[in-house]
């Protein structure tokens, strides 16, 4: 028989934050906590895959928040489909268990078409004219319509971007709680992205982070109260902090460095004249500003928070050596990984770069390749997470004068992703049943095993 388990994934949660979350006291009276060390790269998609498969990227293939396809030399950012994850996840194993327990997953990354019985995650409809329609992917298919009747559309505009706020997290908590009351699945996974934003905008110990923690406490109070009312039997709670943030005061631009060394080539368009170009995310006929010309480039850097994968299309050893040497000793670079160093971090996968860069804790890496902001492509100044070949934290800000996303990287106050060596880069794992968490220190891959060991009586 399966226990009732709720697994909350709350990014940027630190041990020191727990004192400001008294809502947890009611489930932690007989619980335990452990220090959680995320595996490099310490960003959303890989860490979630590590926790839900018990494996590192060399096995599951999630090497960042983007997926590189070697055959086409294309980068897909924030892919929705579960086929990107090349190993079974918690809900897959639960689905195939002979006792037929049921699982629900609310807003995990890469959940579309996963094997959980019940799924809800944002998946807006993109129309050919560039407009976007609010929508969520759900299983069962009509579930989103049921949720809309009760709670309205998922407020995507409040989930990411300059308008991101607690409204989106409220929707996730309220819909998950409502669904728990309807179906009471034995396993429930919920991802609350909201705590990720305040540190990046304002710094890890800013008053705004304290305000966010107050809002998070109210969310947790609602969630715990409603879930306890929804289930007849006790719930075992697991809460994982994913990764921790560090303040930053420096930005590295790997693509500009590759360009200045002659390894990255760009082409400029006027938006009118047809000029076919094969770029890193798609093929363009007409475009504005500069784009990487992958057909002519010897190297390109996919930048994601505090790391970057540098891809050498022909894997030429001399080019790999030259690219690596460009970053040795650079300010903001903690490590330059090639060959065996990549294997050391469990990143030896065909989707990984030939060279991988890791930031120092006080620095982050921007995808920008243009040398003058007047040459930036049009998508650089808008929220466009799928078009940009890298993560862009500047999307959390807005220039009200131009009603566009600023290109001022100094506005970013915190980041994450580098290997968690310092205490400030580590997070926390909580379990409401102390017997289920006997360790004082765990890695993200251990979360999978702890949950699986706790699942059945």
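The values are calculated or read from the model by the stated rules, or taken from the named source; none is laboratory data. Computed from a predicted structure; not experimentally measured. Here the Cβ positions follow ideal geometry from the backbone for every residue, glycine too, while neighbour counts run over all protein chains shown.
Looking at segment 22-82, the helices (runs of 4 or more DSSP H) lying wholly inside it that each contain 3 or more residues that are in contact (Cβ under 8 Å) with a residue 40 or more places away in the chain and under 22 Å from residue 238 (Cβ atoms) sit at 25-28, 44-53. Can you name every residue in segment 149-186 that is without any contact (Cβ under 8 Å) to a residue 40 or more places away in the chain, in contact with a strand residue (DSSP E or B) (Cβ under 9 Å, 6 or more places away or on another chain) and surrounded by fewer than 18 Cβ atoms within 10 Å (Cβ to Cβ)? Within segment 149-186, 153 is the sole residue that qualifies. Here segment 333-353 is the region considered, the condition is being more than 22 Å from the chain's Cα centre (by Cα) and in a loop (DSSP other than H, G, I, E, B), and the residue that is farthest from residue 249 (Cα to Cα) is 339. Which ones in segment 413-436 are touching a helix residue (DSSP H, G or I) at 6+ places or on another chain (Cβ under 8 Å), buried (at least 21 other Cβ atoms within 10 Å of the Cβ) and more than 15 Å from residue 8 (Cα to Cα)? Residues satisfying the conditions are 414, 415, 416, 418. Only one of the numbered conditions (1) surrounded by fewer than 20 Cβ atoms within 10 Å (Cβ to Cβ); (2) at pLDDT 95 or above; (3) not in a loop (DSSP other than H, G, I, E, B) is violated by residue 262, and that is (3). How many residues does segment 319-332 contain that are part of a loop (DSSP other than H, G, I, E, B) and without any contact (Cβ under 8 Å) to a residue 60 or more places away in the chain? Count: 2. The set of residues in segment 233-254 being in contact with a helix residue (DSSP H, G or I) (Cβ under 8 Å, 6 or more places away or on another chain) and outside any strand (DSSP E or B) consists of 242, 243, 244, 245, 254.
Each residue in segment 416-457 was checked for being under 22 Å from residue 342 (Cα atoms) and either modelled with pLDDT under 95 or assigned to a loop (DSSP other than H, G, I, E, B) (or both), and 8 of them qualify. One residue stands out among those in segment 102-115 that are crowded, with 20+ Cβ neighbours inside 10 Å and touching a residue at least 40 places away in the same chain (Cβ under 8 Å): the one that is farthest from residue 136 (Cα to Cα), which is 103. Taking the criterion of being more than 21 Å from the chain's Cα centre (by Cα) and either assigned by TED's automatic domain parsing to the domain that holds residue 240 or surrounded by 21 or more Cβ atoms within 10 Å (Cβ to Cβ) (or both), would at least one residue in segment 356-367 satisfy it? Within segment 356-367 (the criterion being more than 21 Å from the chain's Cα centre (by Cα) and either assigned by TED's automatic domain parsing to the domain that holds residue 240 or surrounded by 21 or more Cβ atoms within 10 Å (Cβ to Cβ) (or both)), the answer is no, since none of the residues qualifies. Residues of segment 3-21 that are surrounded by 19 or more Cβ atoms within 10 Å (Cβ to Cβ) and either modelled with pLDDT under 95 or part of a helix (DSSP H, G or I) (or both): 17 alone.
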